[in-house]
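No lab work stands behind these numbers, since they all come straight from the coordinates. Given the structure is predicted, the values throughout are model-derived calculations rather than measurements. Don't worry about glycine lacking a Cβ; one is built from the backbone with ideal geometry, like all the others, and counts go over all protein chains shown.
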Amino acid sequence: MKFYLLDDDEKIIRILENIILDSNLGEVIGRQTDSRVAIKDIALLRPDVLLIDMLMPEKDGVAVVESLKAYQLNTKIIMISEVSNKSMISKAYEAGIEFFVQKPINRNEIAKVIERVTEKIELEQKFELIGSVFNQGASMVKEKPRDPMRDIKLIFSKLGIMGEKGVEDILCICQFMINEGLTSFDFKVKDICNQLSNQPKAMEQRVRRAINKGLINLANLGIEDNMNDIFLSYANALYDFENVKAEMDYIRGKRTSGGKISLRRFIENILLLK
């Protein structure tokens, strides 16, 4: 994988470069402290992964991410910053970043996040391969289609589960169903896992853990504010509200067990909401 590093602090850039090289994660093909200069540099070099600071004097990280959209890059973006404001972090995710990591830098955390992003790049390459099978008769020159996965990713980021490994598997399942023209299951989730993975049971377990994590996060949102927009939008649209309520009661200590999840219901509903 090819990496580009953007931070106004040279020390941070050196630390990140050392993590990448020491962990054999790939090569650093560019580095910059001036965000305005970096934009054209990134557009030219087209790195696989961009590691970027949010707060920079010339042009902040979110503005850089927005500017890069004009170049239609496939670069995945990891934002690293001391910022803890939820609104600012949310704007970063909405702009299109994959992960937000808070400073001070933790070598193991950065390495694991990068590994997850590279796994995602590999999965997307599989998506393209799957899509090519269904588009063999299509014209080679055509208007770039709308990405149906973007809305799904946005929902996952709102649920706070974009960092879960199982999310990549769910996206893979959704892509498969979209390619097949399906919005509901005529078979079990494990049947799709059998087609998409050499380790279908492990894939299904990762999917289950990710969906369950979303339930827990949603329940915590409801406890903090049951009028929260995310809670109101998804408590019954993605999960059964009774199970969300059960999870809330479990967190409060009013029950001995939490709410239950349905992989089939969740994936069918996420496709309807996209």
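Which label marks the calculated value of mean projected area of the Cα convex hull in nm², given the options (i) 16.1; (ii) 18.1; (iii) 15.2?
For mean projected area of the Cα convex hull in nm², the calculated option is (i).
Putting +1 on Lys and Arg Cβ atoms and -1 on Asp and Glu Cβ atoms, find which of L21, L123, V37 reaches farthest to the positive end of the dipole of the chain.
L123
What is the dipole size for region 2-119, taken about its Cα centre, with +1 at each Lys and Arg Cβ and -1 at each Asp and Glu Cβ, in debye to the nearest 20?
200 debye
Which shape class applies to region 158-274: rounded if a/c is under 1.5, otherwise prolate when a/b exceeds b/c and oblate if not, where a ≥ b ≥ c are the square roots of the Cα gyration tensor eigenvalues?
It is prolate, given that a/c is not under 1.5 and a/b is the larger ratio.
Label region 79-120 by shape, choosing from rounded, prolate and oblate, from the square roots a ≥ b ≥ c of the eigenvalues of the Cα gyration tensor; if a/c is under 1.5 it is rounded, and otherwise prolate applies when a/b is larger than b/c, oblate when it is not.
oblate
Work from the charge dipole of the chain (Cβ charges, +1 for Lys and Arg, -1 for Asp and Glu, about the Cα centre) and give the residue of N243, N85, N228 farthest towards its positive end.
Of the candidates, N243 comes out farthest on the positive side.
Quick one: grab the alpha carbon gyration tensor of region 2-119, order the square roots of its eigenvalues as a ≥ b ≥ c, and give me rounded if a/c is under 1.5, else prolate or oblate depending on whether a/b is larger than b/c.
Because its axes are fairly even, with a/c under 1.5, region 2-119 counts as rounded.
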